[in-house]
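Asker: I'd like to ask some things about the structure below.
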Amino acid sequence: MTSHQRSGVRPAAGRIVVGVVLVAALVFSAVKAVDLWRGDPFPVADPVAVAQRLDAQTQAIYDALELPEAQLDPQWPGEGIEATIYNCHPRGLRNLNDVLSDSPPHEPGTADVHESWALAGVTPAAAVEAIGRARRTLAAAGWQVVSYRDDGVGEVALRLRPPATDDKVAVKAGVWTYPSGRLEVFAGAECLRYPDGTAVDDEGKPDVPGRADAPAQLRSRPAP
C-alpha cells in the first residue's frame, strides 16, 4: 500500500471515531437535559421504617452525650416523631415557576419525617463536654461531622450525617444548645416517596409511630 493510500485510510477512521464521540456526547447531553427537566426522583421508602431509624439515631446521639442525670425538657415545643408533607415540592426545571411561587405546591405521595426532643438544665460547661464526647464517639462509629461550632460562651452546635442505609434516604442529625440550658437533639430525613398502600390521613400525611418524646432511658422517667 502506498503512503498516499495509507494517508487516505487514517482520516476516514479518525472521522468515524470523532462521529461516535459526538453522537455519544449528544446522547449524554440529551439524557442530562431530560433529567434536569424532570428533576431527581424522590427516594422510595417506608416512612414508618424511616421514623424508627430516626428514633434509633437520636438514641445513639443521647448515648454518646453521656448525660445520665439529664431529664426531658417539659417545655420543649417539638412534636417528637412526625411526618409532614408541605416541605416536599415538585422537582425539575418543568416545575420551577410553581416552586418559586409564594405558595409552592407539595408533591403528591411524598413526605419528610423528623424527630426532635430536648434535655433541660444542662449547664454550658456540661453541654460543651457532652457534645465533644458525642462528636468523637459518633465520628468513630462512621458518622460524618458536617459542622461543629462553639462560640466560646456555652452555645455549641454539632451537625452530623449518619451512615447511609439501603433505602438511600439521606438523613441529617444534630445536637445544639440554647442559652436557657436546653439541649436539643434532632434527626430528619429528606423528602421521600412512600409506597402505595401506606396508611395516610386526609391530607396525605403518613402515619408514623407515636410520639417518641425521649430516648429509651427517659421515656418512663417523670419530667421535673
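Asker: I'd like the residue in segment 68-90 that is closer than 21 Å to D40 by Cβ and either in contact with a helix residue (DSSP H, G or I) (Cβ under 7 Å, 6 or more places away or on another chain) or of a type in the set (S, T, Y) (or both) and, out of all such residues, is surrounded by the fewest Cβ atoms within 10 Å (Cβ to Cβ).
Answerer: Restricting attention to segment 68-90, the residues satisfying the condition of being closer than 21 Å to D40 by Cβ are 83-90.
Now narrow it down to the ones that are either in contact with a helix residue (DSSP H, G or I) (Cβ under 7 Å, 6 or more places away or on another chain) or of a type in the set (S, T, Y) (or both): 83-84, 86, 89-90.
Details: A83: 24, T84: 17, Y86: 13, H89: 17, P90: 18.
By that ranking, first place goes to Y86.
Asker: Restrict the check to segment 149-160 and report whether at least one residue is open to solvent by 50 Å² or more (accessible area, probe 1.4 Å) and under 20 Å from L192 (Cβ atoms). Explain how you work it out, then say what you get.
Answerer: Initial filter on segment 149-160 (open to solvent by 50 Å² or more (accessible area, probe 1.4 Å)): 149-153, 155, 159.
This time we only want the ones that are under 20 Å from L192 (Cβ atoms), so: none.
No, segment 149-160 contains no residue that is open to solvent by 50 Å² or more (accessible area, probe 1.4 Å) and under 20 Å from L192 (Cβ atoms).
Asker: Moving on to the next point. Scan segment 50-59 and give yes if some residue there is crowded, with 16+ Cβ neighbours inside 10 Å, at pLDDT 90 or above and touching a helix residue (DSSP H, G or I) at 6+ places or on another chain (Cβ under 8 Å), otherwise no.
Answerer: Taking every residue of segment 50-59 in turn, at least one turns out to be crowded, with 16+ Cβ neighbours inside 10 Å, at pLDDT 90 or above and touching a helix residue (DSSP H, G or I) at 6+ places or on another chain (Cβ under 8 Å).
Asker: When you look at A134, is it modelled with pLDDT of 95 or more and buried (at least 17 other Cβ atoms within 10 Å of the Cβ), yes or no?
Answerer: Answer is yes for this residue.
Asker: State which residue pairs qualify: first residue closer than 11 Å to V175 by Cα and inside segment 130-148, second residue open to solvent by 70 Å² or more (accessible area, probe 1.4 Å) and assigned to a helix (DSSP H, G or I) in any location, beta carbons under 9 Å apart, and separation of 6 or more residues or different chains.
Answerer: Within 9 Å, the pairs are A134/D63; Y148/R135.
Asker: Let me ask something else about it. Would you point out which residue out of A118, A127 is open to solvent by less than 60 Å² (accessible area, probe 1.4 Å) and assigned to a strand (DSSP E or B)?
Answerer: Within the list A118, A127, the selection yields A118.
Asker: Now for a separate question. Show the residue pairs meeting these rules: Cβ distance below 9 Å; 6+ apart or different chains; first residue within segment 65-90 and without any contact (Cβ under 8 Å) to a residue 12 or more places away in the chain; second residue open to solvent by 20 Å² or more (accessible area, probe 1.4 Å).
Answerer: So the pair list comes out as E69/G121.
Asker: Among E66, E115, which is over 30 Å from Y194 (Cα atoms) and modelled with pLDDT of 90 or more? Full working, then the answer.
Answerer: Values: E115 fails: over 30 Å from Y194 (Cα atoms).
The unique qualifying residue is E66.
Asker: Oh, and also: Considering only residues of segment 182-202 that are farther than 21 Å from A60 by Cα and either touching a helix residue (DSSP H, G or I) at 6+ places or on another chain (Cβ under 8 Å) or in contact (Cβ under 8 Å) with a residue 60 or more places away in the chain (or both), which is most open to solvent (accessible area, probe 1.4 Å)?
Answerer: Restricting attention to segment 182-202, the residues satisfying the condition of being farther than 21 Å from A60 by Cα are 191-202.
Checking which are either touching a helix residue (DSSP H, G or I) at 6+ places or on another chain (Cβ under 8 Å) or in contact (Cβ under 8 Å) with a residue 60 or more places away in the chain (or both) leaves us with 191-195, 198.
Details: C191: 20, L192: 0, R193: 73, Y194: 38, P195: 49, T198: 34 Å².
The selected residue is R193.
The values are calculated or read from the model by the stated rules, or taken from the named source; none is laboratory data. Keep in mind that this is a model prediction, so the values were computed, not measured. For neighbour counting, all protein chains shown are included, and Cβ atoms are generated from backbone atoms with ideal geometry for every residue, glycine included. The protein model used for the area step is the full one, side chains on, heavy atoms only, and it has no ligands, DNA or RNA in it. Shrake-Rupley method; radii C 1.70, N 1.55, O 1.52, S 1.80 Å.
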